[in-house]
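Inspection log for the structure reproduced underneath, given as structure tokens.
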């Protein structure tokens, strides 16, 4: 059995995979690989999948699988799995860090000190305590964010079309009601036809508290041009994002030149601990399917 590691994983994973078969990182071997491990860089579209002659399993290290045509893979009898539990802590910690950095002005204070400016009086911090956090989606990552928010004394509400209850958040019946009184909004939805540009000017105008929005999910869930306009007009106080339409984003991506933004280079899942967890979850998937005679 040939395993192709197509993207960046923990450096110890190849050695661990050798217990199951031969391992390569040579992408030219994709056509003859039995199992392919990808993250977000490898695009498994119809054209890519048509070149695979032996593949029985594609594992996406991480949560989102919009870089894989799952329906077409199924037609080719290729099993597609992800590692949904591994990245929850890493991404949740980044989302919460971005949320915490904004009202505390950490970046502005630091930059000011480097520039010889004493901003103690000109910038006033605000607290997370008592504020309302709206979670869009309440899966593994959002649940971890909610747990941290509640520890800070925040009121947590959530909207998820497919989940009716949560032990860590008050579920709201509609998206509009969820964001109406939110001070902070954190996005944790997959990119689908339904969620694309879900956060747009029409929705922004229904937000009464001029919230901070944090996006560690997918860039295209937010309409970039509408976000820039909302930031310029003060409808949205701040936008924090770790995700972009492409990695890295094109020079003309509007958010790059927007005011009141904090941007990180799609590093939410990129912790040493998480890379180890992704590898272990991938190994457990392989063992499960191999023991079941599916690969």
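Here is how the numbers come out for the structure above:
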{"item": "Qualifying residue in the range 256-274 (condition: in contact (Cβ under 8 Å) with a residue 40 or more places away in the chain and more than 30 Å from residue 222 (Cα to Cα))", "result": "no"}
{"item": "Test: residue in the range 269-276 that is touching a strand residue (DSSP E or B) at 6+ places or on another chain (Cβ under 8 Å) and either modelled with pLDDT of 95 or more or closer than 24 Å to residue 88 by Cα (or both)", "result": "no"}
{"item": "Of all residues making up the range 210-257, the number that are assigned to a loop (DSSP other than H, G, I, E, B) and either modelled with pLDDT under 95 or within 29 Å of residue 89 (Cβ to Cβ) (or both)", "result": "15"}
{"item": "All positions within the range 172-202 that are more than 30 Å from residue 82 (Cα to Cα) and either at pLDDT below 95 or buried (at least 20 other Cβ atoms within 10 Å of the Cβ) (or both)", "result": "182, 183"}
{"item": "Residue 94 vs. criteria assigned by TED's automatic domain parsing to the domain that holds residue 118, surrounded by 14 or more Cβ atoms within 10 Å (Cβ to Cβ) and either modelled with pLDDT of 95 or more or not in a loop (DSSP other than H, G, I, E, B) (or both)", "result": "yes"}
{"item": "Residue within the range 1-11 that is closer than 27 Å to residue 144 by Cβ and free of Cβ contacts under 8 Å to residues at least 24 places away in the same chain present", "result": "yes"}
{"item": "Condition broken by residue 110, with the remaining ones in (1) part of a helix (DSSP H, G or I); (2) under 27 Å from residue 267 (Cα atoms); (3) in contact (Cβ under 8 Å) with a residue 12 or more places away in the chain satisfied", "result": "(3)"}
{"item": "Of all residues making up the range 225-248, the number that are in contact with a helix residue (DSSP H, G or I) (Cβ under 6 Å, 6 or more places away or on another chain), under 11 Å from residue 200 (Cβ atoms) and buried (at least 22 other Cβ atoms within 10 Å of the Cβ)", "result": "1"}
{"item": "Those strands (runs of 3 or more DSSP E) lying entirely in the range 1-49 with at least 2 residues surrounded by fewer than 21 Cβ atoms within 10 Å (Cβ to Cβ)", "result": "22-24"}
{"item": "Residue tally, condition surrounded by fewer than 19 Cβ atoms within 10 Å (Cβ to Cβ), over 27 Å from the mean Cα position of the chain (by Cα) and not in a helix (DSSP H, G or I), over the range 50-66", "result": "3"}
{"item": "Members of the range 262-286 found to be crowded, with 16+ Cβ neighbours inside 10 Å and more than 30 Å from residue 3 (Cβ to Cβ), listed by number", "result": "262, 263"}
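The values are calculated or read from the model by the stated rules, or taken from the named source; none is laboratory data. Every value quoted in this text rests on a predicted model; they were computed, and no experiment measured them. All Cβ positions, even for glycine, are placed from backbone atoms using ideal geometry, and neighbour counts span all protein chains on display.
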